[in-house]
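Have a look at the structure below, then the notes.
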C-alpha cells in the first residue's frame with residue numbers, strides 16, 4: 001500500500017462587503033469566523049468485477065465571503081499503479097477532488113480533506129436601503145443560467161401565476177419589492193419540518209403543496225418564484241456551524257439563496273433560517289451569517305470530469321461510481337474553531 005497525500009494551497013479572496021456604499025463599508029464590519037474543517041469520505045469495497053472506481057468530493061472554494069487555505073487531501077491508495085488525482089474546477093467556480101482507481105481496493109478507501117476556512121458574514125445593506133447608489137459588482141457570466149429552470153424547479157405557467165399572486169397581494173412593483181414579497185410569503189407560510197417523506201429534494205411543487213420541508217424546499221420556492229418573474233436567483237449549498245465556538249461534528253448540510261437586481265446587486269437571503277429564528281427574519285433578508293461554509297453553487301450539477309449518471313440534484317456530499325453506477329459513500333464532517341488570541 002502506498003501512502004498518498006496531496007497538499008494544495010488556495011489563495012483566499014479578499015474580504016468584500018458585497019453591494020455596500022463606501023460610507024456603509026466604513027460603518028459596518030462583517031463578522032468573521034476561522035475554523036479547521038475536516039471532511040472524511042469512506043468508500044466501500046465495490047462489487048466484484050468492478051474495473052474502474054470514480055470518486056468526487058466537493059472542496060470549499062474561495063470567494064468574496066470565504067477564504068480557504070492550508071488544504072490537505074490524504075488517502076492510502078491500493079498497490080498496483082499510479083492513481084490519477086486532481087482538484088477539478090466545474091461550473092460556477094465549484095471545486096471538487098476527483099479520484100479514479102483502475103486498481104480496485106479490497107478494503108474500504110478513506111479520504112480525508114482538511115482545510116482552514118475563514119467565513120465572513122455576507123451583507124448587502126442595499127436590500128433595505130433602495131435609495132443607495134447602484135451596486136458596482138463584477139458581472140456574473142452565468143446570469144442567464146440563474147433565470148432558467150432546474151429539473152425540480154420548473155418555470156411553468158402555474159408557478160408564474162402563483163408568484164404573480166404573491167407580489168400582487170403585497171402591491172410590489174420593483175424587482176426588490178417583489179423579491180421581498182416572495183421572501184416574506186415563504187417565511188410566513190412554510191414550516192421547517194423534516195418529518196414524513198418528500199422533503200429535502202427542493203421540489204417546488206412538493207414545497208408549494210405541503211408547505212413544509214427543509215432549506216432546499218424553502219429556497220426552491222424563493223428561487224422559482226423570483227426566476228418566473230424575471231429576477232435572477234441562485235442556489236448555494238454547504239454546511240452549517242453552530243453559533244457557539246468550539247469543535248464538534250456537523251451532521252447535515254444547509255443551503256441558501258441570492259437574488260439579483262441592477263439596483264442592489266446580489267442580495268443574500270436565508271428563508272429557512274428566518275422561519276426557524278423569527279427574531280432574525282429581517283436580518284436574513286440581505287444577510288448570510290458567518291456560521292456556514294459554502295461547497296458548491298447551482299443545481300442539476302455536472303461534475304468534472306462528467307459523471308456517467310444523470311446530473312446531481314445538488315452536490316454537497318461525496319459521490320462515487322463503480323463502472324459508471326452510483327455507489328454509496330459514508331461521510332463525516334468535523335469543525336474546530338481557531339479562537340483569536
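Figures for the structure shown
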item: Crossing angle, helix 157-169 versus the chain [Cα axis fit, 0-90 degrees, rounded to tens]; result: 40 degrees
item: Pairs of Cα atoms farther than 27 Å apart, the range 122-294, %; result: 21 percent
item: Pairs of Cα atoms farther than 16 Å apart, the range 248-307, %; result: 58 percent
item: Residue order, fewest to most beta carbons within 10 Å, for 65, 336; result: 336, 65
item: Burial order of peptide ranges 222-234, 197-209, 300-312, 249-261 (average beta-carbon count within 10 Å, highest first); result: 222-234, 249-261, 197-209, 300-312
item: The chain: angle of helix 175-189 to the longest principal axis, Cα-based, in degrees nearest 10; result: 70 degrees
item: Kirkwood Rh (inverse of mean 1/r, distinct Cα pairs), the range 217-341, angstrom; result: 16.5 Å
item: Value of relative contact order over the chain, rounded to a whole percent, pairs C-alpha under 8 Å and six or more apart; result: 25 percent
item: Contact order normalised by residue count of the range 122-294, Cα under 8 Å, 6+ apart, percent; result: 28 percent
item: Nearest-ten-degree value, helix 215-228 long axis tilted from longest Cα axis of the chain; result: 50 degrees
item: Within the range 122-294, percent of DSSP bridges classed antiparallel, to nearest 5; result: 90 percent
item: Among 42-48, 96-102, the order from most to least packed when residues are scored by Cβ within 10 Å on average; result: 96-102, 42-48
item: D (Stokes-Einstein, µm²/s), Kirkwood Cα radius, the chain, 1.002 mPa s at 20 °C; result: 102 µm²/s
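Computed from the coordinates by the stated procedures, all read-outs in this text should not be read as laboratory data. Everything quoted here is computed from the prediction, not taken from an experiment. Methodologically, a virtual Cβ is constructed for each residue, glycine included, from the backbone with ideal geometry; neighbour enumeration extends over all protein chains shown.
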